[in-house]
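As structure tokens, the structure follows; a few thoughts come after it.
The values are calculated or read from the model by the stated rules, or taken from the named source; none is laboratory data. Given the structure is predicted, the values throughout are model-derived calculations rather than measurements. Please note: Cβ atoms are built from the backbone with ideal geometry, for glycine as well, and neighbour counts cover all protein chains shown. Just the protein is used for accessible areas: all its heavy atoms, side chains included, with ligands, DNA and RNA removed. Shrake-Rupley method; radii C 1.70, N 1.55, O 1.52, S 1.80 Å.
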Amino acid sequence: FAQSVVAPRTPQDDDWNDVVGLEPTPLPPPGPKKDETLLFKEDEEIVQSVLSGTTASYELEAKLGDCRRAAGIRREALERTMGRSLEGLPLDGLDYESILGQCCENPVGYVQIPVGVAGPLLLDGKKYMVPLATTEGTLVASINRGLKAIYASGGAISVLHKDAMTRAPIVRFGSAVRAAELMLFVEDPLNFDTLAAVFNRSSRFAKLLKIQCQIAGRNLYIRFACSTGDAMGMNMISKGVQYVLEYLQNDFPDMEVIGISGNFCSDKKAAAVNWIQGRGKSVVCEAIIKEEVVRKVLKTNMDSLAGLNVNKNLIGSAMAGTVGGFNAHASNIVSALFIATGQDPAQNVESSHCITQIESVKNGKAIYIAVSMPCIEVGTIGGGTQLASQSACLNLLGVKGANKESPGANARQLARIVAGAVLAGEVSLLAAIDTDQLMTSHMKYNRSSKDVIHLASTE
Ligand SMILES: CC(C)(COP(=O)([O-])OP(=O)([O-])OC[C@H]1O[C@@H](n2cnc3c(N)ncnc32)[C@H](O)[C@@H]1OP(=O)([O-])[O-])[C@@H](O)C(=O)NCCC(=O)NCCSC(=O)C[C@@](C)(O)CC(=O)[O-]
Ligand SMILES: NC(=O)C1=CN([C@@H]2O[C@H](COP(=O)(O)OP(=O)(O)OC[C@H]3O[C@@H](n4cnc5c(N)ncnc54)[C@H](OP(=O)(O)O)[C@@H]3O)[C@@H](O)[C@H]2O)C=CC1
């Protein structure tokens with residue numbers, strides 16, 4: 001190890017590929033490819049211009065006015081520069097115009113992720129079939145089993161008790177006294193209507209709900225909370241906050257804006273502030289599962305399941321010092337649903353904050369299970385939700401796009417569905433761990449048969 005550190009290698013070194021353990025995939029022989037990268041004869045000239053540095057790769061869309069053509073030229077230039085093939089990464093099949101200026105810069109193709117379906121999820125009296133984009137074999141089967149158990153017991157009930165996206169800029173003064181003066185000003189209820197009017201001018205749908213500060217020396221962190229209609233809302237709230245900061249600068253000219261985000265928001269990080277106060281949609285989802293269903297569908301018994309939940313999800317997570325991680329695998333379900341429906345996958349961090357509770361009820365004839373998720377950050381408009389495949393998954397759930405009659409209703413319904421699916425995933429995985437089924441089920445659904453045979457032959 002020490003030797004490899006003292007002798008750093010570069011991609012130009014002959015033995016580079018031995019060091020990183022990667023053999024370059026040779027470029028395919030000339031001839032027709034599955035996806036034709038270059039569409040026109042003159043594209044070869046443009047590839048040369050990118051290779052020589054005369055044309056910046058990221059300018060191709062603007063220069064050509066044809067996004068698919070730009071992606072093909074960029075990809076061809078990339079393959080030649082690196083001497084590595086991108087065969088296997090599809091090029092055709094994506095609407096490149098629809099991602100321009102919205103979803104991704106410098107596109108060279110797209111990654112395929114299988115979408116499985118689980119259900120029905122019987123939630124608040126309605127049935128949903130849940131699309132899940134994952135490469136973890138067993139996950140869909142597990143959620144499906146949990147949903148079956150919930151369905152057979154009469155369904156789940158959800159409560160959405162908060163809907164507020166947050167953004168907290170950091171501002172700084174010459175002294176803590178001045179920082180405190182601004183804190184008292186923005187937190188004064190008498191000033192709220194004025195600040196809300198300034199904020200609300202930034203959008204037809206974003207509405208300021210609350211401002212709360214945290215002070216550290218002469219730094220002030222101002223946490224704005226607002227409703228954002230059917231959008232997840234990060235661009236919307238950032239725009240609104242910018243308007244308010246510009247307004248505050250009039251009365252507090254000595255205020256220095258250090259950054260529009262000061263991490264007290266807190267976006268894409270595990271944080272106690274989100275766990276305690278919520279961010280995005282705060283949802284609780286609960287169900288009562290009958291003893292017979294626990295025995296027949298989940299193949300376990302109620303006392304043992306409730307005990308495992310306490311020892312693993314509560315005590316075990318406390319011992320691990322978790323923030324928001326008092327659950328078995330909420331992030332599995334959140335990520336799969338996020339990717340399928342075009343959410344920002346990085347917000348999986350706080351969206352997966354969840355505490356799972358299981359207790360015996362009805363004189364020991366059933367279990368009560370609940371998941372409390374204070375930070376589900378979802379939208380049905382904006383970001384990746386408008387892409388064709390993600391939009392199809394939202395359509396399957398009946399929450400595609402903006403809700404014209406009641407703005408925000410689609411996004412809130414999606415948050416409830418996320419919590420319902422998490423409830424199912426929790427009960428099924430816990431049952432699998434309780435019955436020592438976790439490993440065997442993953443050997444069956446999560447490994448190629450070749451490896452399973454190998455494992456069997458070495459036992
Ligand atoms: C795999 C099962 C469900 C089998 O469980 P089983 O009870 O043997 O299944 P079954 O064949 O008796 O079928 C019961 C029901 O499960 C569903 N089901 C059953 N098979 C399928 C399938 N192929 N495709 C779709 N649905 C399926 C289906 O609903 C079926 O009902 P039916 O339709 O037959 O009336 C079970 O063993 C299980 O849930 N295993 C747990 C797997 C799991 O949850 N993995 C998640 C990832 S683990 C991880 O990433 C996080 C971790 C573990 O590290 C976190 C931590 O630290 O705890
Ligand atoms: N800027 C940042 O700091 C961060 C940005 N992001 C990214 O932000 C993107 C999402 O931002 P977000 O603000 O959600 O989306 P958008 O930026 O797409 O904003 C939503 C747009 O939809 C319009 N709209 C129309 N109908 C509705 C409706 N019913 N409800 C709400 N809006 C409606 C809004 O109108 P109007 O113009 O009137 O508001 C607005 O123009 C994602 O790509 C995400 O990855 C993620 C984290 C941080």
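Quick one: is N263 under 24 Å from R416 (Cα atoms), at pLDDT 95 or above and not basic (K, R)? Spell out the reasoning first.
Values: under 24 Å from R416 (Cα atoms): no; at pLDDT 95 or above: yes; not basic (K, R): yes.
Considered against the rule, which asks whether it is under 24 Å from R416 (Cα atoms), at pLDDT 95 or above and not basic (K, R), N263 comes out as no.
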At pLDDT 95 or above, surrounded by 24 or more Cβ atoms within 10 Å (Cβ to Cβ) and within 16 Å of ligand 2 (Cβ to nearest atom) - does that describe any residue in the stretch 353-369?
-> no
Number of the condition not met by I150 [criteria: (1) within 16 Å of ligand 1 (Cβ to nearest atom); (2) in contact with a Cys (Cβ under 9 Å, 6 or more places away or on another chain)] = (2)
Search result, residues across the stretch 243-272 that are buried (at least 19 other Cβ atoms within 10 Å of the Cβ), within 21 Å of the chain's Cα centre (by Cα) and either more than 16 Å from ligand 2 (Cβ to nearest atom) or hydrophobic (A, V, I, L, M, F, W, C) (or both) = F264, C265, A271
Kindly establish whether R204 is surrounded by fewer than 20 Cβ atoms within 10 Å (Cβ to Cβ), away from ligand 1 (no atom under 16 Å from the Cβ) and of a type in the set (D, E, K, R).
-> yes
Consider S449 carefully, then state whether it is modelled with pLDDT under 95, of a type outside the set (D, E) and surrounded by fewer than 16 Cβ atoms within 10 Å (Cβ to Cβ).
-> yes
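Give the residue, chosen from F338, F326, that is away from ligand 2 (no atom under 16 Å from the Cβ) and either hydrophobic (A, V, I, L, M, F, W, C) or farther than 18 Å from M165 by Cα (or both).
Just one listed residue meets the conditions, F326.
How many residues does the stretch 203-242 contain that are more than 12 Å from ligand 2 (Cβ to nearest atom) and over 15 Å from R412 (Cβ atoms)? Quick ask: steps written out before the conclusion?
In the first step, residues of the stretch 203-242 are kept if they are more than 12 Å from ligand 2 (Cβ to nearest atom); the result is 208-225.
Now drop any that are not over 15 Å from R412 (Cβ atoms), which leaves 208, 210-225.
The number of residues fulfilling the criteria is 17.
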Verdict on G109 being assigned to a loop (DSSP other than H, G, I, E, B) and modelled with pLDDT of 95 or more = yes
Residue in the stretch 255-263 that is assigned to a loop (DSSP other than H, G, I, E, B) and closer than 23 Å to R204 by Cα present | yes
Conditions: (1) more than 16 Å from ligand 2 (Cβ to nearest atom); (2) touching a helix residue (DSSP H, G or I) at 6+ places or on another chain (Cβ under 9 Å); (3) assigned to a helix (DSSP H, G or I). L184 meets all but one. Number of the miss?
-> (2)
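Yes/no matrix, rows are residues, columns are (1) within 16 Å of ligand 1 (Cβ to nearest atom); (2) under 21 Å from the mean Cα position of the chain (by Cα); (3) not polar (S, T, N, Q); (4) not in a loop (DSSP other than H, G, I, E, B):
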| residue | (1), (2), (3), (4) |
| --- | --- |
| T81 | no, no, no, yes |
| D92 | no, no, yes, no |
| S98 | no, yes, no, yes |
| A118 | yes, yes, yes, yes |
| S142 | yes, yes, no, yes |
Matching residues, the stretch 198-228, being under 27 Å from the mean Cα position of the chain (by Cα) and of a type in the set (V, I, T) = I211, I222, T228
In the stretch 72-108, the residues that are closer than 19 Å to S389 by Cβ and of a type in the set (A, V, I, L, M) = L89, L91, L94, I99, L100, V108
Tell me which residues, restricted to the stretch 23-75, are among the basic types (K, R), at pLDDT below 95 and open to solvent by 80 Å² or more (accessible area, probe 1.4 Å).
-> K34, K41
Within the stretch 264-291, residues closer than 23 Å to L220 by Cβ and in contact with a Lys or Arg (Cβ under 7 Å, 6 or more places away or on another chain) come out as F264, C265, G278
So which pairs qualify, if the first residue must be in the stretch 410-427 and under 10 Å from L147 (Cα atoms), the second must be assigned to a helix (DSSP H, G or I) and away from ligand 1 (no atom under 13 Å from the Cβ), the Cβ gap must be under 7 Å, and the two must be at least 6 apart or on different chains?
-> A421/L337
In the stretch 307-351, how many are more than 13 Å from ligand 1 (Cβ to nearest atom), open to solvent by less than 20 Å² (accessible area, probe 1.4 Å) and in contact with a His (Cβ under 9 Å, 6 or more places away or on another chain)?
-> 1
Scanning the stretch 374-417 residue by residue, those within 16 Å of ligand 2 (Cβ to nearest atom), of a type in the set (A, V, I, L, M) and open to solvent by less than 10 Å² (accessible area, probe 1.4 Å) turn out to be I376, V378, L394, V399, A411, L414, A415
Go through the residues of the stretch 230-238 one by one and say whether even a single one is closer than 30 Å to I381 by Cα, at pLDDT 95 or above, open to solvent by 10 Å² or more (accessible area, probe 1.4 Å) and β-branched (V, I, T).
-> no
Would you be able to say whether some residue in the stretch 279-286 is open to solvent by 70 Å² or more (accessible area, probe 1.4 Å) and modelled with pLDDT of 95 or more?
-> no
Across (1) touching a residue at least 40 places away in the same chain (Cβ under 8 Å); (2) in a loop (DSSP other than H, G, I, E, B); (3) within 16 Å of ligand 1 (Cβ to nearest atom), T135 clears everything bar (1)
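Kindly indicate the residue of the stretch 152-173 that is part of a loop (DSSP other than H, G, I, E, B) and closer than 16 Å to S261 by Cβ and also nearest to the chain's Cα centre (by Cα) among those meeting that condition. First the steps, then the outcome.
Restricting attention to the stretch 152-173, the residues satisfying the condition of being part of a loop (DSSP other than H, G, I, E, B) are 153-155, 168-169, 173.
Checking which are closer than 16 Å to S261 by Cβ leaves us with 168-169.
Working: A168: 20, P169: 22 Å.
Filtering the stretch 152-173 for residues that are part of a loop (DSSP other than H, G, I, E, B) and closer than 16 Å to S261 by Cβ, the one nearest to the chain's Cα centre (by Cα) comes out as A168.
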